[in-house]
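Peer 1: This is the structure, below, for whatever I ask next.
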Amino acid sequence: FPPSLQVFPSQDPLDRADFNAVEYINTLFPTEQSLANIDEVVNKIRLKIRRLDDNIRTVVRGQTNVGQDGRQALEEAQKAIQQLFGKIKDIKDKAEKSEQMVKEITRDIKQLDHAKRHLTTSITTLNHLHMLAGGVDSLEAMTRRRQYGEVANLLQGVVNVLEHFNKYMGIPQIRQLSERVKAAQNELGQQILADFEEAFPSQGTKRPGGPSNVLRDACLVANVLDPRIKQEIIKKFIKQHLSEYLVLFQENQDVAWLDKIDRRYAWIKRQLVDYEEKYGRMFPQEWCMTERIAVEFCHVTRTELAKIMRTRAKEIEVKLLLFAIQRTTNFEGLLAKRFSGCTLTDGTVKKPEVPPPSTNPFLEDEAGTETDEIVIEKSDTDKPKKPKVPDNPFHGIVSKCFEPHLYVYIESQDKNLSELIDRFVADFKAQGPPKPSVDEGGAVLPSCADLFVYYKKCMVQCSQLSTGEPMIALTTIFQKYLREYAWKILSGNLPKTTSSSGGLTITSLLKEKEGSEVAKFTLEELCLICSILSTAEYCLATTQQLEEKLKEKVDASLVERINLTGEMDTFSIVISNSIQLLVQDLDAACDPALTAMSKMQWQNVEHVGDQSPYVTSVILHIKQNVPIIRDNLASTRKYFTQFCIKFA
């Protein structure tokens with residue numbers, strides 16, 4: 001349908017788009033008789049035409065009037081817009097006038113605010129200037145009269161006030177006051193140092209009696225002055241306080257040697273008590289003078305001991321060295337209980353190195369278990385680890401000087417371990433192999449436990465002496481004697497195999513009585529092999545644990561140099577050789593029967609019995625050997641399983 005019909009639907013055929021005049025006439029006059037009313041139809045059509053013409057004329061006239069009305073409405077809208085624009089312009093003009101009026105009103109208020117602020121600043125600055133000028137005059141006068149108690153409070157206030165004038169230093173009067181303050185500070189510093197020098201002269205003995213109140217107040221002033229003044233006071237006082245120590249323990253004195261090292265520490269204890277009684281209240285508590293004296297004593301002692309030990313290095317013996325180190329570490333522990341170590345972090349004293357924190361779960365109370373055996377516990381892997389953080393900030397502050405001479409200790413341990421291995425060898429030869437012990441499930445040689453107990457004792461002792469290169473040297477010694485133990489005690493005592501005799505024939509097997517055959521290794525030899533295997537397994541596991549503990553004890557930078565893999569491989573070789581011996585022994589015992597089986601003339605066999613003789617022989621040897629091996633390897637079931645697999 002055309003758009004007109006979609007908007008205005010019509011049923012009139014004349015409105016259809018496909019209108020056909022012939023069809024329409026045929027519809028009006030379907031027959032000849034219907035032509036009788038043709039005039040009536042024509043009149044209707046003409047009437048309809050006139051109505052359409054009237055409608056068209058009305059519509060055309062209406063459209064003409066609409067155009068005129070639209071132009072008139074547009075003109076009226078333009079006039080309304082012009083009126084609106086005029087009103088907006090009037091409002092804008094009035095707003096500008098109002099803003100100008102507000103500015104004129106507030107201009108005077110702003111000026112008053114600025115004046116008030118400037119006036120307040122000026123009054124404050126003048127007050128500060130008055131305080132500064134009066135304070136500088138008072139400061140100079142009090143300095144001349146040595147009224148340090150009043151100076152301490154006044155000087156801090158003057159310095160604080162002077163900070164407000166940093167931006168006014170271009171003014172000559174302000175700059176002059178600042179220079180006077182600096183001059184007063186310098187004069188105070190020199191004057192206080194002179195007073196301390198007079199009270200505690202560097203040459204001669206100390207003056208009797210306690211400190212004066214003047215010096216106590218002078219220390220309060222020094223807190224406000226340049227920190228170098230405070231450091232100079234501390235340095236001079238400590239130097240004078242320790243001057244007697246340097247004289248008493250000179251290098252050429254008998255008391256200076258290591259065997260009388262206790263006297264050094266007894267001397268400083270008496271001095272600290274004397275200081276607390278006489279001078280404890282003179283210095284401010286935050287100066288920590290008692291701790292500073294002790295720390296400086298430690299540094300002086302370390303230097304003096306290092307010097308005398310270099311001179312008399314040939315006289316150092318192990319017992320003497322260990323005695324001196326023990327007394328020194330005890331003294332360092334006493335310092336840790338008495339002081340916090342706060343002075344070790346400032347610029348005057350370098351904090352000594354401390355061992356890295358330990359993460360070994362086995363070392364919960366190492367001090368009380370130095371002689372305990374290193375025991376492997378499977379359940380320890382499930383326990384939370386307890387790091388052992390060093391809590392002694394004074395560790396090594398004196399004992400560090402002994403580290404270059406610890407080679408004496410290392411050489412001593414080398415000698416002791418060599419003698420220990422020789423004793424193990426001699427004891428084994430004297431006592432013979434361990435007795436068969438089926439119930440105990442294979443005994444571990446007691447010498448291996450003794451060896452690792454001694455190792456642990458050496459490791460703990462050396463770690464208390466040093467965690468540096470001496471620990472690496474001790475590890476090398478450990479490696480040497482672990483290998484010697486593996487070869488001399490374990491591999492060296494394994495039974496030797498001999499070439500087997502010729503195979504047996506089926507006739508000889510038939511003639512042998514049941515139980516008459518004997519294995520190549522005796523019962524004692526089988527037990528010895530199993531004991532050596534169990535011992536090697538224990539040594540392998542304990543060596544791995546020893547490596548972990550050594551890594552925890554040594555400095556972090558040296559951890560990579562701790563490696564006992566070669567020694568663990570050595571024990572693995574001993575285990576493998578032991579299993580191979582057990583397999584070869586049983587294999588050799590069964591070999592004649594298997595040889596007889598392979599030579600059996602099956603074509604000559606006429607009757608089949610219950611069991612062949614070689615089967616009886618194999619079973620007999622297995623029943624003789626395997627239960628003994630099983631019972632003696634009860635504690636190492638995995639290696640018994642390995643033996644069975646290899647034999648199979």
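The values are calculated or read from the model by the stated rules, or taken from the named source; none is laboratory data. What you see is a predicted model; the values in this text were computed from it and never measured. Cβ sites come from the backbone with ideal geometry, for glycine too, and all protein chains shown count toward neighbours. Surface accessibility is based on the protein's heavy atoms, side chains included, excluding ligands, DNA and RNA. Shrake-Rupley method; radii C 1.70, N 1.55, O 1.52, S 1.80 Å.
Peer 1: Among the trypsin sites (Lys or Arg not before Pro) in the range 263-302, which ones are in a DSSP loop with at most 15 other Cβ atoms within 10 Å of the Cβ? Mind listing them? Show your work: numbers first, answer last.
Peer 2: Values: sites: ARG263, ARG264, LYS269, ARG270, LYS278, ARG281, ARG292, ARG302; in loops: ARG281.
Passing sites in the range 263-302 are ARG281.
Peer 1: First check a/c for the range 520-648, with a ≥ b ≥ c the square roots of the eigenvalues of its C-alpha gyration tensor; if it is under 1.5, answer rounded, and if not, answer prolate when a/b is larger than b/c or oblate otherwise. Mind showing how you got there, number by number?
Peer 2: On the way: a/c = 4.49, a/b = 3.37, b/c = 1.33.
In terms of gyration-tensor shape, prolate.
Peer 1: Suppose every K and R has +1 on its Cβ and every D and E has -1 on its Cβ; what is the size of the dipole of the range 238-347 about the Cα centre, in Debye to the nearest 20?
Peer 2: 200 debye
Peer 1: Okay, next question. Compute the Kirkwood hydrodynamic radius of the range 583-628, taking the inverse of the mean of 1/r over all pairs of distinct Cα atoms, and give it in Å to one decimal.
Peer 2: Details: mean 1/r = 0.0859 Å⁻¹.
In the range 583-628 this quantity evaluates to 11.6 Å.
Peer 1: Suppose each label sits 7 Å from its Cα in the direction of the beta carbon; what would the GLU606-ILE573 distance come out to in nanometres?
Peer 2: 6.0 nm
Peer 1: Okay, next question. Using mean Cβ contacts within 10 Å as the protection proxy, how do 194-201, 405-412 order, highest first?
Peer 2: Packing order, densest peptide first, comes out as 405-412, 194-201.
Peer 1: Give me the distance in nm between label points sitting 7 Å out from Cα along the Cα-to-Cβ direction at THR522 and ASN166, one decimal.
Peer 2: 9.6 nm
Peer 1: Once the cut-off is 16 Å, how many percent of the Cα-Cα pairs in the range 538-614 end up in the long-distance tail?
Peer 2: 69 percent
Peer 1: What does the extension gain come out to for GLU286 and MET101, with contour length at 0.36 nm per residue minus their alpha carbon separation?
Peer 2: That works out to 60.0 nm of additional length.
Peer 1: Given a 1.4 Å probe, how much area per residue of the range 238-347 is accessible, in Å²?
Peer 2: 51 Å²
Peer 1: Another question about this same structure. Would you tell me the accessible area of GLU525, worked out with a 1.4 angstrom probe on the heavy atoms of the protein chains, in Å² to the nearest 10?
Peer 2: 60 Å²
Peer 1: I want the local charge near LYS551. Using Cβ-Cβ distances under 12 Å, sum +1 for each Lys or Arg and -1 for each Asp or Glu among the other residues.
Peer 2: -2
Peer 1: Can you send over the carbon and sulfur percentage of the accessible area for the range 238-347, probe radius 1.4 Å, protein chains only? All intermediate terms of the calculation are to be shown ahead of the outcome.
Peer 2: Working: 2750 of 5630 Å².
Carbon-and-sulfur percentage of accessible area, whole number: 49.
Peer 1: Provide the gained length on full extension for the span ASN37 to THR64, in nm with one decimal, where the gain is 0.36 nm per separating residue minus the Cα-Cα distance.
Peer 2: Details: separation 27, 0.36 × 27 = 9.72 nm, distance 4.16 nm.
Extra length from ASN37 to THR64 when fully extended: 5.6 nm.
Peer 1: Got the relative contact order for the range 238-347 handy, in percent, Cα pairs under 8 Å and 6 or more residues apart?
Peer 2: Values: 41 pairs, mean separation 38.3, N = 110.
This gives 35 percent for the range 238-347.
Peer 1: May I pose another question? Take the eigenvalues of the Cα gyration tensor for the range 1-108, scale each by 5, and report the square roots as semi-axes in whole Å, largest first.
Peer 2: 72, 16, 7
Peer 1: Mean shadow of the range 4-58, computed from the convex hull of its alpha carbons, in nm²?
Peer 2: If you wrap the Cα atoms of the range 4-58 in a convex hull and average its projections, you get 4.7 nm².
Peer 1: Using just the alpha carbons, could you tell me how many Å³ per residue the convex hull of the range 238-347 encloses? Mind showing how you got there, number by number?
Peer 2: Values: hull volume 11.9 nm³, N = 110.
Here the figure is 108 Å³ per residue.
Peer 1: Can I ask one more? Once fully extended, how much extra length lies between GLN173 and LYS110, figured as 0.36 nm per residue of separation less the alpha-carbon to alpha-carbon distance?
Peer 2: Difference between extended and current length: 19.4 nm.
Peer 1: I've got another one for you. Distance in nm between label sites at VAL214 and ARG312, each 7 Å beyond Cα in the beta-carbon direction?
Peer 2: Each label point is offset 7 Å from its Cα along the Cβ direction, giving 4.5 nm.
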